[in-house]
Structure formats: C-alpha cells, structure tokens
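Taking it in order: structure first as structure tokens, then the write-up.
Just so it is clear, none of the values below were taken in a lab; they were calculated from the coordinates. The structure presented is a predicted model; accordingly, all values stated were derived computationally and were not measured. No Cβ is skipped: glycine too gets one built from the backbone with ideal geometry, and neighbour counts run over all protein chains shown.
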Amino acid sequence: MMGEARPKDWISEGLKELDGCQEELVDLITRVVEVPAPSNDEADRGRLIASIMREYGFPEVQTDAAGNVLGFFPGEDASKVIVSMAHMDTVFPRETDLTVKRNGNILAAPGVSDNTASVCQMLMVGRILARNVPLPHPVILIANVGEEGLGDLKGARYFCDHVEEYDFEGFKIDPASLVFLNIDGGLDHIVNQGIGSRRLRVTYRGEGGHSWGAFGKSSAIHGIGTAIAKIAQIKVPEKPKTTYNIGVVEGGHSVNSIAQSAWMLIDMRSVSAEHLKALENEVRDILTQAADETGTTYDVEVVGDRPTGTLSPDSPLIRTLTELGKEYGIDYRLTASSTDSNIPLAKGWPSVTMGFKRSENVHRTTEFLYIDSLVPGVKLLLECYGRLLYAL
C-alpha cells in the first residue's frame, strides 16, 4: 500500500497472521537450509533468498558486489533507517548432507538455526512490512555473506564501508541515520558488545630431508611445535576476558621425512582492543623465538580482523528492546560476542544482535531447533520493528 503510512494497527494484524505461520515457516527454513552456503560460497543460497524476497513482495531487491542480498522498504522519515543483517553463510562444507529431519518438536539439519531460521524469520516479517509501505522510517533487510569463521564479517564490513554508495530507486542512505537490529543467536540475550579477534595463518619452513640421512636438518614441524608449546604458556587476563586458540595445524608429507613446511591457524580474542594487541605482540615474539631456536623461518598472514565495539546499556535502542522483552516475559542479558554487529559498533552506530528462536548443538552436524519457538520468536521480531519504527 503506497501513500500515507498506515496506523500501527498493521502490526496487530501482522501478529494475528503470524499465529498461523508455523508450518509455512518450517517449510521455508527447509527450503533454504538445504541449499549449501559455506562462507565465501553463498551465491546459490543468495539467489534463492533474492527470489523469495521478490515472491514476498519486497519493494526493491538488490544483490551487492559482496553477495549480500538486500530488501529495501521506503519510509516517510529518513532521519532514521533501520537495518537488519541475518547472515546466510554456514560453517559447513558444500558436500555436507543438509537434509532436514523432523521429529516432533525438533527440526534438525546443519545450519538450521545458525543462521537459516533467523534469515527466514526476517523474510516472513519482511512480507508484512512490504504490505504496509511507506513505513514511518525506511527499513533495509539484508541476508549477508561471510559472518562465519574466515568469512571475517565480509558482508557486514562491505555494507558498512559502502553504505553511502547504495541507491534504492533514488534513495541514498545518510550514515548518521543508521540503527542496526541484527538477527542471530538465541532468545534470552542481547549482544551489545563486540568481541574483537585477530586470526593469523603462520607458516614455518625448514631445510627438510630424509629422517635418517638428513638427521639434524631443520624441521618446520619442530619449529611450529616449539611455537605452539610456548604460546600455550601465555597468561591472559580474565577481565577483560582475552583468549587464544590454535585450531588447525598441518604440515610434512611422510613419517620418515623432515618437514620442509608446516602451518597453523591462531585465533586471538578480547573485548579490549588494547589487550588484543598486547596478546598479538606476545605471540609474534614467540614465533620469532621458536624460529631462532629451531633454525627455521616463518611468515604470517592476517586472515581475520574483527574490531571491538560497545553500545551503552543506557542507549535508547537497548532500553526500547529490553522494555519490550519484559512484556514478553524475557529478562534480557546483555552479552559480548563476535557477530555482524562488530562492524557497525566499531563505526559508532547503535547496533545489537538478537535471536528469535531456541536451538542446540550449533556448529555441529547434529544442530537442531525447537519448532515451538519459531512463531513466538517471529512475532517478537515484528514487535521489535514496531517499537523501532514508532517509539525509538
């Protein structure tokens, strides 16, 4: 409906419609989750989501250069623009069996909750928004790429870095107007603090040779092993919480060969940019020590760099959402996590990440969600948009 924005009773009508959408939502989740979308390989799922946006009547649909799929809803007052990002990528390789299994209240498949259900809940709410444009303020719903792992928040970073370049039928975004409600996670908390991370791929190189005949020549595995042993002894603070992990190690080519090369992936995290930098400096010093002690060389590639950021608990955005949560019987916890909100928070934009379903075994092939949480969650999501459009 174009012209004057409808009074907010359209939200009440939407809530009634959503009461009966459980099976439709399950079918939609099934349709989307069975299309592979590993980080940096989301194009197939992106095309499907773009077609669903058009099917649902989104006023304008675009796919940007990063692969993000954006649905735009015009609004009367552009002094505030509400943006939601729900990442469509998963941690699972393309060859993973994504067949959905349903058993009573359980819907199971790799990636079914993280983050397919969130994307689909956003799409369902978008269909209601589309029937009621122009809204009080413009809304942009984004199924974004590259949130997981070495995706390194690619989609969120691209949107935020290029926000002034988007053109929605002549509408240009003023960065000062942005408010972010990103969709990911579970029902009981609001992420208002971004955990920063630095991820390094470190490759050691040695002379190599036959394990008997060239004994004594430098080994890349000995170099990397010495580094790992030293890194494991690093003491980090509990407050602000700071962590490290070596998650992948590979190298060598046979049991009776001195390794010429070996590599590892290091993950370092903190809610404090200062402590994260100090940890990285200590790790880099250790890498040099290990190389010197083992007669090896090494090089470092930064493969992940997620900034920190915080939104005050007293911000209007958080106050608005926590008040709504209480009406739904939810006493929201404010938490820190690494989500798409890291990027807008680092740029000083009000941003939170919230989830609207209950699930377990996230990032495992046995991942599942509770079907009876889907409708209450999607109704709460619609109410969130209502509050942000009319009350914030």
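How much length would be gained if the chain were fully extended between Glu23 and Val255, taking 0.36 nm per residue of separation minus their Cα-Cα distance, in nm to one decimal? Don't jump to the answer; show the numbers that get you there.
Details: separation 232, 0.36 × 232 = 83.52 nm, distance 5.47 nm.
Residue separation times 0.36 nm, minus the Cα-Cα distance, leaves 78.1 nm.
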Pick out which of Gly225, Gly46, Gly14 has the largest mean-square fluctuation in a Gaussian network model of the chain, springs linking Cα atoms closer than 10 Å. Gly225
What does the convex hull of the Cα atoms of the stretch 196-306 come to per residue, in Å³, rounded to a whole number? 83
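Roughly how big is the stretch 196-306's charge dipole about its Cα centre, with Cβ charges of +1 (Lys, Arg) and -1 (Asp, Glu), in debye to the nearest 20?
On the way: 13 positive and 13 negative charges, 63 e Å.
Dipole of the stretch 196-306, to the nearest 20 debye: 300 debye.
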Going highest first, how would you order 322-328, 278-284, 123-129 by mean Cβ packing within 10 Å? 123-129, 278-284, 322-328
I want the local charge near Val375. Using Cβ-Cβ distances under 15 Å, sum +1 for each Lys or Arg and -1 for each Asp or Glu among the other residues. -2
Let's test the formula: R0 of 25 Å, r as the Cβ-Cβ distance of Ala176 and Asp331. What FRET efficiency results, to the nearest 0.05? 0.20
Candidates for P(r) over Cα pairs in 20 Å bins from 0, in percent are (i) 23, 48, 25, 4, 0; (ii) 26, 51, 19, 3, 0; (iii) 28, 58, 14, 0, and the calculated one carries label (ii)
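Calculate how many DSSP beta bridges within the chain are antiparallel, expressed in % of all such bridges and rounded to the nearest 5. It would help to have the intermediate numbers written out before the result.
Values: 52 of 72 bridges.
Within the chain, antiparallel bridges account for around 70 percent of the total.
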Only counting other Cβ atoms within 10 Å, I'd like Lys379, Lys239 sorted with the fewest neighbours first. Lys239, Lys379
Dipole magnitude of the chain, debye to nearest 20 (Cβ charges: Lys/Arg +1, Asp/Glu -1, about Cα centre): 680
Can you give me the relative contact order of the chain as a percent, contacts being Cα pairs under 8 Å and 6 or more apart? 23
Percent relative contact order of the stretch 196-306, based on C-alpha pairs within less than 8 angstrom and at least six residues apart? 45
Running Debye on the stretch 59-216 with equal point scatterers at the Cα sites and no solvent, what base-10 log of I(q)/I(0) appears at q = 0.11, 0.17 Å⁻¹? -0.56, -1.10
What full-extension length gain, to one decimal in nm, is calculated for Asp188 and Val248 as 0.36 nm per residue of separation minus the Cα-Cα distance? 18.4 nm
Can you find, among Met53, Ala259, His363, the residue farthest towards the positive end of the dipole of the chain? Put +1 on the C-beta of Lys and Arg, -1 on that of Asp and Glu. Ala259
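If we count every other residue with Cβ under 12 angstrom of Asn182's Cβ, Lys/Arg +1 and Asp/Glu -1, where does the sum land?
On the way: positive: none; negative: Glu147, Asp184, Asp340.
Neighbour charge sum, excluding Asn182 itself: -3.
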